[in-house]
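First comes the structure, then the notes that go with it.
Every number here is computed from the coordinates shown, using simple stated rules; none is lab data. Predicted, not measured: the structure shown is a model, and the values here were computed from it. Ideal geometry is used to build each Cβ from the backbone, glycine not excepted, and the neighbour counts take in all protein chains shown.
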Amino acid sequence: MTVSQKSKKIALAGNPNCGKTTLFNTLTGSKQTVGNWPGVTVEKKTGIIELNNESYELVDLPGIYSLTAYSIDEEVARNFIINESPDLIINIIDATNLERNLYLTTQLLQFRKPIIVCLNMMDLIEKTGVTIDIKLLSHFLHCPVFPISASKKTGINDLKTAIINKEKSSYVSKAKIPYDEVICKEIQYIRPELKVIAEKYNVDLDWLSLKFIENDPLVLKEVSKELRDIALQIRERIHKHTGMQAEIMTADGRYAFIKGICREILKKVHYDKENSSDKIDKFLLHPLVGLPIFMLVMYIMFSFSITLSGPFIEMFDIFFGGLFVDGFKVVLESINLPFWSVTFLADGVGGGLQTVSTFIPPIFFIFLFLSFLEDSGYMARVAFIMDKFMHWLGLSGKSIIPMVVGFGCTVPAIMATRTLENKRDRLMTIMLVPFISCGAKIPVYVMFAVYFFPKNPGLIIFVLYLTGIILALITGQILRRTSFKGKAGDFVMELPAYHLPTLNGVLMHTWHRLKDFILRAGQTILLVIIILTMINAVPVRYNQDTGQDDTILNIIGQTITPVFRPMGIEKDNWPATVALFTGLFAKEAIVGSFEALYSDVKIKDDINIENENEEKWTFKSLINESVQQFWVEFTSALSSIINPFSGGEEELEETDNVILREHQKRFKNIHQVIAYLLFILIYAPCVAAIAAAKKEAGTKFAVVQVIYLTILAWIISTLYYNVMVFEVLSVLWISIAVVMFFGVIMMFKKIKIN
């Protein structure tokens, strides 16, 4: 805990899936910023509310169930409340799950900070035939309580009025939790010893005393060794008198308080046998059809995302290519800049911006689908659908949560394993997370899928994701029988009610993720393009065999490429090898590598086009060309949606796209492409993810993970390629791959990484 000055802020706190983010979006609109909390990868959302000519900063705290500070999310939320001392806490409660949500409320009340409680999803609770006595609940909690529906924006004006009137009224709750007599006596006993610390951090003395008794690590860190010894004595006395741990006793006190409140305020008007969510779950969570439905949903997401983004990809490619490359080149040449600077700025920087722009449409549609699934409540069901398979791996269903996070980025997914209490489960989950394709791999998949599988790009991307999951299952089976023997932890999770997501909420989530991609991945791709373009432009020696100058990258790539020959990467495809190494810094850099390494060919191609085309570049002609191409691609996409089975066999046709033409020249057949994509899917994650694994599990674990994933990537890619294009040497390479696979299993049997 650290001390900081009080600022004019409002904290938004609540359980996961309580509608907190929907309310945040409703209150702040477009005035939002998203980043990470200092020192951690937990997402931080802040927004501005303008009320009565006064601005408030609204801070969306991580969704948590309690404030025990055992998980990083709980620590972040609690530290903010203590250190930042917000002017007001708005506690969002899911009215359909009142008892569970009030547990966090009882802990927030004990901070003795100004608080407002919002009962969200009141429209859903009414459908169940239950009524809540709002006035009586406010009386028990000693704070204002407002019924709202964040998705339908009902009750929001009353909430805003309460925020405005906060200065006129005292919203500090005086509610007392009736703890066991033994706990109360111990609180009174230790209060004088903790008074100085409570004043130092401006926290309630009773709350601090309670956390001291509960053996809270953040509180114990602030006290002397003598006081820590006293804490141990207090806990021993409580256990001796009650036969239970102090944490259980305090939790019992809170739940007794909550049950008493619920008994008084909840009234059943009529009996509804089964609500809509239960009816839907009977089908979607069925043991036989639940998993196939999930796979179908993921396939539809990728298929439609790529199909719908197709017209925009072509339009963006033409428009931004004409703007940043051709148009920029016209401007630079008009001021008589040297040829090398025009080439660097227009073809290097401008070409990089053009490349980044073409990945915006597919990323947007994928994020749009994911946001819809998350906001509807379906993604929360994925953990239960996969729970059976997690147990088959020797893990609890709770491990699926970091893996779902891994669809966005591997780094926070690894950090999310901190929520797993079992160390074995945590380490094993960290080992499996990289098999889930992160968002940084999407541009790579999209590039190859659109270039080489134009008829079914969505299917290819879906199969890659599915392959990663299958390999995670295989690896899990190996680990549970070798280095990670033991029993999985238990898994309990509540399911939110299904509801139709709001358009504003879905678009807001999509925009924040897309913006993060543009700023993070876009910068990486652009930087790699610029650096590699400069390095690749410097000749080192003349190659008599090719009749061209060799560069540093050319020499390095051709030297290392033989290692990848068994998986189909031939000597002239050395850019593919270089791209794998840049991919260690960031997977999206693979795209930038190809753009940069093919730049010399692209520059020559642009010069030829300029010589052949005498028509002067104009902005009007650029608009006309991009719109015309959009319409052609749009009608084609519409046709494929109406008749999805009309694709036929994949054929690589002649193309004007320089990058695609070079790919077709260096990747001789489809099987080389698939083997290369399999390697990208499996091999070592980026350096940021490796560093996260090292921090969470140690250096030895991180080294073993990198070695295993890279070797496995070579094995799988080599097996696939040699089986599909069986030749004389295929028997040798298949035999070597099989021997290496069993060697990896023996490695896990001998080493201890847990």
Length gained, L266-L500, 0.36 nm per residue minus C-alpha separation, equals 81.7 nm
Extend 7 Å from the Cα of R565 along its Cα-to-C-beta direction; within the stretch 721-742, residues with backbone N under 18 Å of that point are 721-723, 725-737
Sorted on mean Cβ neighbours within 10 Å (highest first), peptides 280-291, 234-245 come out as 234-245, 280-291
For the pair I248 and Y189, the simple spin-label estimate (label points 7 Å beyond Cα toward Cβ) gives in nm 2.0
Sorted on mean Cβ neighbours within 10 Å (highest first), peptides 192-198, 206-212, 311-317, 667-673 come out as 206-212, 311-317, 667-673, 192-198
FRET efficiency for W340 and V172 from the Cβ-Cβ distance with R0 = 60 Å, rounded to 0.05, comes out at 0.30
About its Cα centre, the stretch 181-268 carries a charge dipole, from +1 on Lys and Arg Cβ atoms and -1 on Asp and Glu Cβ atoms, whose size in debye to the nearest 20 is 360
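Could you calculate the FRET efficiency of E199 with N165 from 1/(1 + (r/R0)^6), where r is the beta carbon distance between them and R0 is 30 Å, rounded to 0.05?
0.55
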Expressed in nanometres to one decimal, the distance between label points 7 Å along Cα→Cβ at K668 and W392 is 3.9
Placing each pseudo-label 7 Å from Cα in the direction of the beta carbon, H139 and R228 end up separated by a distance in nanometres of 4.7
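Give the average over all directions of the projected area of the C-alpha convex hull of the stretch 181-268, one decimal, in nm².
Result: a mean projected hull area of 6.9 nm².
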FRET efficiency (K259, L527; Cβ distance; R0 45 Å; to 0.05) is 0.20
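My understanding is that a pair violates if its Cα-Cα distance is over 20 Å; which of K45/K423; K9/K113; K195/K221; K44/K211; K45/K211 do that in this structure? Spell out each step's value before the answer.
Numbers: K45/K423 30 Å; K9/K113 12 Å; K195/K221 16 Å; K44/K211 26 Å; K45/K211 28 Å.
Checking Cα-Cα distances, K45/K423; K44/K211; K45/K211 exceed 20 Å.
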For the stretch 672-688, in residue order, the Karplus 3J(HN,Hα) values (coefficients 6.51, -1.76, 1.60; θ = phi - 60°; whole Hz; Gly and Pro = x) are 5, 5, 5, 4, 5, 5, 5, 5, 4, 4, 9, 5, 3, x, 5, 4, 5
